[in-house]
Amino acid sequence: RYNAISFAVGTKGYVGCGYSNLNDFWEFTPPPVGENEIIEQQSVIVYPNPANAPFNLEFELIKSGIVDIRLFDLNGKLISVIASEKSFDKGKHTVQINSASHQLNSGTYNLIIRAGGSVVTKKVSVVN
């Protein structure tokens, strides 16, 4: 029997999980930053949020690389591919996403950005 279960999200977005069973304890340690990680996870911003018109995705790359940006509903269904395996240079980037052209209904969506070995998820609310 477990006495307690805990979950935590670290500053880099990694999820930790632990349990307590008398004197036993397991703690999640995030993997070391690898050379495949090219996005500054803290730099990823979606604005305005909530949005009723075009909204912006802003991110910063540590080095040039291939970026994939997709929009999913909360059930995990792919709604739209914003950028598919697109090459971006090192530095800050802003991608404008038009909710009308992507036929987004009012609701909350997950915007998933894959860049090198990094994956960042941001929620965006659309209000029509």
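The values are calculated or read from the model by the stated rules, or taken from the named source; none is laboratory data. Because the structure is a prediction, the values reported are computed rather than measured. Backbone-built Cβ (ideal geometry, glycine too); neighbour counts: all protein chains shown. The accessibility values were calculated without ligands, DNA or RNA, using every heavy atom of the protein model including side chains. Shrake-Rupley method; radii C 1.70, N 1.55, O 1.52, S 1.80 Å.
Label-to-label distance, R70 versus N56, with points set 7 angstrom from Cα along the beta-carbon direction: 2.7 nm.
Only protein heavy atoms count here; on that basis, with a 1.4 Å probe, H102 has an accessible area of about 50 Å². Distance between the 7 Å Cα→Cβ label points at E40 and K122: 1.3 nm. The accessible area of K92, taken with all protein chains in place and a 1.4 Å probe, comes to roughly 150 Å². Along the range 63-73 the Karplus relation, 6.51 cos²θ - 1.76 cosθ + 1.60 evaluated at θ = phi - 60°, assigns HN-Hα couplings of 8, 4, x, 8, 10, 10, 10, 9, 10, 10, 7 Hz to successive residues, with x for each Gly and Pro.
Put D68, D89, D73 in order of accessible area, largest first, 1.4 Å probe: what do you get?
Numbers: D68 10, D89 105, D73 35 Å².
In descending accessible area the options line up as D89, D73, D68.
Take F88: with every protein chain present and a 1.4 Å probe, its accessible area is about 20 Å².
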